[in-house]
Structure formats: C-alpha cells, structure tokens
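Student: Structure in structure tokens, see below.
Just so it is clear, none of the values below were taken in a lab; they were calculated from the coordinates. Model, not experiment: these values are computed from the prediction. No Cβ is skipped: glycine too gets one built from the backbone with ideal geometry, and neighbour counts run over all protein chains shown.
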C-alpha cells in the first residue's frame with residue numbers, strides 16, 4: 001500500500017511543492033538516491049528542521065535484541081513508595097517503562113499514592129532511588145500543595161541523616177540536595193479541564209521530556225474523571241483513550257519513564273436470564289474491559305478485610321491488591337496513610 005505525501009508531517013506549502021515535482025507518494029522519494037537528493041534540495045528551502053523531521057519520519061526503527069531490552073529493564077531502578085510491604089509486593093516499587101493504574105473508591109489512597117510517588121521519585125541514587133522529577137497532571141482538582149509539603153518534609157527528614165551517613169562512609173563531603181524546598185521544586189504541576197486539553201497536553205509531552213530530562217514520572221489524576229463526566233460518546237471515548245494510551249506507551253519506552261494513572265470504580269450489573277432482572281451487582285474499574293489491556297500494572301485499593309486487626313493507633317489499614325502485573329506474581333499488601341505519606345501498617 002502506497003503512503004501519500006500528504007500524510008507526512010510537513011508544511012502544506014512543502015507538500016504542494018513535492019507534489020508539483022512529481023512526488024505523490026513516499027515510495028517515489030525512496031525509489032533512488034537521485035529522488036532523495038531532489039527532495040532534500042526542495043525541503044531545505046523550508047529550513048534544516050523540516051528535513052530533519054522528514055528523515056526521522058522515514059528512518060527505520062532502532063534495532064534491538066531481546067537481550068538488549070532485558071538488560072535495559074534490569075538496570076532501571078523502581079520508584080519506592082516508602083511502604084516496605086507494598087514495595088516488596090511490587091518487586092521493588094513502581095517500575096519504569098510501565099503504565100501503572102491505581103483504582104479504587106474515593107478515600108482509598110489513590111491521590112495519596114500519587115503525591116507520595118511525586119516525592120519518592122526524587123530519592124537520591126545513593127539511597128537506591130531514581131533521583132529524578134515528576135509531572136503531575138490534575139483533572140479533578142485533587143492535587144493538594146499542603147499535603148505534598150507534609151510528605152516532602154517527612155521524606156527529607158528521614159533521608160537527610162541517611163544521606164549524611166552514606167557520604168561519611170564513602171569519605172565524601174558532598175551530599176545530594178534532598179530538602180523540602182528541592183522536593184517541591186521537583187514536582188511540575190499542570191491542570192486540565194476536559195479531554196481536549198488532556199489530549200493536547202499528552203501530545204506535547206514528547207517536547208517537554210526532551211527539554212526536561214530530569215522528569216521520570218508522569219501522573220494523571222484522574223484519567224477516568226475526564227471521560228466519565230464529559231460529553232463524549234462511548235465510541236469517541238474508546239478512540240480517544242486508545243490515542244492517549246498509545247502516546248503514553250511510546251513515551252515510557254522512549255524516555256524510560258514511569259506513567260501512573262488513577263481510575264474510579266463503577267457498578268456492574270448482572271441480569272438474570274429468566275426475566276432480565278438484576279441478580280447481582282459488583283464494583284469494577286471504570287473505562288471498560290478494553291482499557292485494562294492498555295495498562296501493565298493494575299493496583300486495586302480498598303479497606304482491609306474485617307479479619308485484619310486494627311493498627312496500634314486504632315486505624316483500619318488499607319489494602320493494595322495487584323490484579324494485573326507483567327513481572328512478579330500478583331499479591332496484596334497492607335498500608336496506612338499517615339501525615340508523612342504512605343507507610344506500613346503498624
């Protein structure tokens with residue numbers, strides 16, 4: 001099947017010039033070196049950047065072996081959550097090069113995990129962290145700077161003495177900056193109001209990550225809110241979701257970053273075959289079954305079972321249940337939400 005020149009990411013005037021010169025399809029350009037040289041001469045009239053864009057478009061993908069991919073993933077560090085039981089269940093924390101989904105009812109800790117990860121991604125490498133920054137995309141006004149400050153203050157207080165101890169062991173007097181102010185400065189915030197703004201934001205993330213190489217975590221809280229309370233039809237919603245997730249998938253692999261999205265729950269009704277009445281109802285993640293195939297790691301959050309005793313402070317622990325995972329086996333972990341962030345259930 002021939003690819004028309006009009007589908008190339010080129011200025012309209014440049015495409016018209018190519019068509020006037022007899023280049024109607026991409027295959028006409030790739031036919032021989034003479035054709036490529038002529039197209040190069042034409043496109044350079046619009047600047048070197050246009051030719052570079054064209055070359056990237058027609059260049060074949062980078063060739064990698066399975067061993068190359070495996071070594072890349074093994075060498076990547078995970079983002080810790082500051083809850084040992086959760087990290088152990090996830091095989092070290094939230095993985096890079098993956099799309100992770102937190103879903104659950106209101107009040108189960110989805111946004112709290114997002115705020116915690118925005119801080120945790122900045123843990124210095126000397127302590128086993130990633131030492132990078134985060135981008136927080138807020139769709140439902142759930143972002144709380146005061147709450148983020150509480151978590152940042154707690155993490156800086158915890159990591160400060162450990163960093164000094166590591167520095168003394170290595171005989172170095174230089175210590176990486178991991179203070180409350182540096183943590184808050186390492187969280188980039190962006191608010192979007194509808195699915196059109198979200199699509200536009202995601203489409204610009206490639207350029208954002210190119211210029212902000214320190215960002216290794218992108219959070220969308222909440223992905224479901226935009227589509228569940230918008231005016232899009234089911235067909236349009238599915239199409240737009242696939243477009244957004246495809247762009248996010250490309251970013252995770254290109255920049256070795258982690259993407260975290262939050263989702264809500266919806267009621268699923270099971271009808272009796274005899275009379276069509278409702279025989280059973282259950283809570284399931286929203287956005288449909290097809291969306292579940294677009295993520296790598298699904299973490300269900302909710303209250304712990306009644307059989308789990310209350311913690312020492314009288315609080316009922318929360319539970320994280322891994323229902324989909326590509327790497328370690330699925331499992332569960334207990335956690336609590338404290339003033340300093342996500343912590344182990346005491």
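Student: If I take every Cα pair under 8 Å that is 6 or more residues apart in the stretch 1-116, average their sequence separation and divide by the length, what percent do I get for the relative contact order? Provide the component values of the computation, followed by the final result.
Tutor: On the way: 74 pairs, mean separation 18.7, N = 116.
The value is 16 percent.
Student: Could you identify which residue out of 164, 319, 245 has the top mean-square fluctuation in a GNM of the chain using Cα springs shorter than 10 Å?
Tutor: Among 164, 319, 245, the largest GNM mean-square fluctuation belongs to 164.
Student: Could you work out how far the C-alpha centroid of the stretch 195-250 sits from that of the stretch 92-141, in angstrom?
Tutor: Between the Cα centres of the stretch 195-250 and the stretch 92-141 lies a distance of 17 Å.
Student: Tell me, in nm to one decimal, what length is gained between residue 312 and residue 45 on full extension, where the rule is 0.36 nm per residue of separation less the Cα-Cα distance?
Tutor: 88.9 nm
Student: Using a Gaussian network for the chain with springs between C-alpha atoms less than 10 Å apart, which of these wobbles most: 242, 189, 25?
Tutor: Residue with maximal mean-square fluctuation among 242, 189, 25: 25.
Student: Same structure, new question: Once a ≥ b ≥ c are taken as the square roots of the eigenvalues of the Cα gyration tensor of the stretch 5-58, is the result rounded (a/c under 1.5), prolate (a/b larger than b/c) or oblate (a/b not larger than b/c)?
Tutor: On the way: a/c = 1.31, a/b = 1.15, b/c = 1.14.
Rounded, since a/c falls under 1.5.
Student: Ok, one more. Which of rounded, prolate or oblate describes the chain when judged by the alpha-carbon gyration tensor and an a/c cut-off of 1.5? Numbers along the way, then the final one.
Tutor: Working: a/c = 2.34, a/b = 1.41, b/c = 1.66.
The shape class here is oblate.
Student: Which ordering of 324, 157 is given by a fewest-first count of other beta-carbon atoms within 10 Å? Mind dumping the intermediate values first?
Tutor: Values: 324 15, 157 12.
In increasing order of surrounding Cβ atoms, one gets 157, 324.
Student: Another question, if that's okay. Output the relative contact order of the chain, whole-number percent, from Cα pairs under 8 angstrom with separation of 6+ residues. Show your work: numbers first, answer last.
Tutor: Details: 550 pairs, mean separation 72.4, N = 346.
RCO, the chain: 21 percent.
Student: Further question on the same structure: Would you mind computing, in nm to one decimal, how far apart the modelled labels at residue 30 and residue 158 are, each placed 7 Å from Cα along Cα→Cβ?
Tutor: 5.2 nm
Student: Once the piece of chain linking residue 52 and residue 65 is laid out straight, how much longer is it, given 0.36 nm per residue of separation minus the C-alpha distance between them?
Tutor: On the way: separation 13, 0.36 × 13 = 4.68 nm, distance 2.66 nm.
Extra length from residue 52 to residue 65 when fully extended: 2.0 nm.
Student: Here's something else I'd like to know. So how much slack lies between residue 75 and residue 332, counting 0.36 nm per residue of separation and subtracting their Cα-Cα distance, in nm? Working shown, then result.
Tutor: On the way: separation 257, 0.36 × 257 = 92.52 nm, distance 2.54 nm.
Difference between extended and current length: 90.0 nm.
Student: Kindly provide the helix-only [θ] at 222 nm of the chain, computed as the sum of -39,500 (n - 2.57) over DSSP H runs of four or more divided by all residues, to the nearest 500 deg cm²/dmol? Could the numbers behind the result be given before it?
Tutor: Values: 13 runs with 142 residues, N = 346.
Mean residue ellipticity at 222 nm (helix-derived): -12500 deg cm²/dmol.
Student: How would the stretch 1-109 be classified by its alpha-carbon gyration tensor: rounded, prolate or oblate, with rounded meaning a/c under 1.5 and the a/b versus b/c comparison settling the rest?
Tutor: prolate
Student: Each label point is 7 Å from the Cα along the Cα-to-Cβ direction; what then is the distance between the points at residue 7 and residue 146, in nm?
Tutor: With each label point 7 Å from Cα toward Cβ, the separation is 5.4 nm.
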